[in-house]
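Following: one structure in structure tokens, then a few remarks.
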Amino acid sequence: MRFDIAVFSLFVVCGAPLAQTSTQSIIKDRVQALAKEAFETRQTGDFKRAILLYRRAFEISPIPELLYNMAFIFETNLRDLSSARDLYGQCIKLPDIEESLKDKARQRLDVIRAKIIAEAQFRSEPSSLGYDEDVHRVKASIKHPAPVWIMTTGAVGFAAGLTVGAVALYNANRVGNITQLDDKKKTQSLAESQALAADIVLSASAAVALTGLIWFFVSDEESKATVSPTMGVGRMGLNWRTRF
């Protein structure tokens, strides 16, 4: 009976460390497997899943390198500087982090802070010309009182009306010099149509210009005109948009 008790006691004393060692080995293998899968997943371009796998491994065993890898993906692949900064900061605070890794994390933090400051300065100091890097387009924004644009539109229309009227007058003068009856009727009809169009354009343009003139004296509102160069196959021009 004493022999059975002794054997049982020996099993308890020696079996506990053995079980603990086995559990640690299982945890280590699981963490290594997740880290390897995360690394391979990042190579395929699935960065969000790679972060998820690193996070699962870190939840099992809080190894600083796992946190650093997550931060690095956020910084370099996802361009999420805020998340990267937070993870680098957490990595530095881990108790068992090596000094070499801590120095690397601090260096990355310095780089991120410099990027954030540079972006903030760029947003707070816009130039008169806005450059859109995604589509390589230049937009020139010009602000003037809205009535000025209305009067300008009316003036342009008035000039067009005068041009059409001049053409109508020219064709009307040609009627007397044409001997063929059919040609004379066609020219006279054309001149009358052009004269009618000129009258309509001139009247409408004068109304627009007058509206702008009245608005000029009663309102201080502003409009914004945007001029954008446009290019395509065999063509080039300007896209002009005016907002009142």
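Side notes on the structure shown:
- Residue in the range 68-85 that is farthest from K115 (Cα to Cα), counting only those that are assigned to a helix (DSSP H, G or I) and open to solvent by 50 Å² or more (accessible area, probe 1.4 Å): N69
- Test for F39: is it modelled with pLDDT under 95 and part of a helix (DSSP H, G or I): no
The rows are residues; the columns are (1) farther than 22 Å from Q24 by Cβ; (2) aliphatic (A, V, I, L, M).
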| residue | (1), (2) |
| --- | --- |
| D46 | yes, no |
| I51 | yes, yes |
| F58 | no, no |
| D80 | yes, no |
| K93 | yes, no |
| I97 | no, yes |
| I112 | yes, yes |
| I116 | yes, yes |
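- Residues that are outside any helix (DSSP H, G or I) and either of a type in the set (A, V, I, L, M, F, W, C) or touching a Lys or Arg at 6+ places or on another chain (Cβ under 9 Å) (or both), drawn from the range 50-64: S61, I63
- Members of the range 39-62 found to be open to solvent by less than 60 Å² (accessible area, probe 1.4 Å), within 26 Å of D96 (Cα to Cα) and not hydroxyl-bearing (S, T, Y), listed by number: A50, I51, L53, A57, F58
The values are calculated or read from the model by the stated rules, or taken from the named source; none is laboratory data. Owing to the predicted nature of the structure, the values given are computational and were not obtained by experimental measurement. Here Cβ is always computed from backbone atoms with ideal geometry, including for glycine, and neighbour counts include all displayed protein chains. The accessibility values were calculated without ligands, DNA or RNA, using every heavy atom of the protein model including side chains. Shrake-Rupley method; radii C 1.70, N 1.55, O 1.52, S 1.80 Å.
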